[in-house]
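The values are calculated or read from the model by the stated rules, or taken from the named source; none is laboratory data. As the structure is a prediction and not an experimental result, all values here were calculated from the model. FYI the Cβ positions are ideal-geometry reconstructions off the backbone, even for glycines, and counts take in every protein chain you see. Surface accessibility is based on the protein's heavy atoms, side chains included, excluding ligands, DNA and RNA. Shrake-Rupley method; radii C 1.70, N 1.55, O 1.52, S 1.80 Å.
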Amino acid sequence: MTMWTGREAGLLRKAMRKTGKAFADLVGVNPRQIKRWEGRRETIRLGLGNQAALDTLLAQADPLVQQRFAALLTR
């Protein structure tokens, strides 16, 4: 991703089929942060550290997760 917003973070969580808490644990943030990101959608751009964490999660994700994420992005 070039720029992660709350929308893309939420779509990655859905593609990974994780709860907010489980996804927050993977990213290394408080679960309330995930809820905030998803609620703000495109109006919030994530910090560089969080973007790097999401880049890593996506890169290391199973190919099926990556395919689901790509499909969700196009909706």
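Quick look at the numbers
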read-out	value
THR43 vs. criteria without any contact (Cβ under 8 Å) to a residue 40 or more places away in the chain and open to solvent by less than 70 Å² (accessible area, probe 1.4 Å)	no
Candidate set from segment 1-35 (those that are over 12 Å from the mean Cα position of the chain (by Cα) and among the basic types (Lys, Arg)); member that is least open to solvent (accessible area, probe 1.4 Å)	LYS21
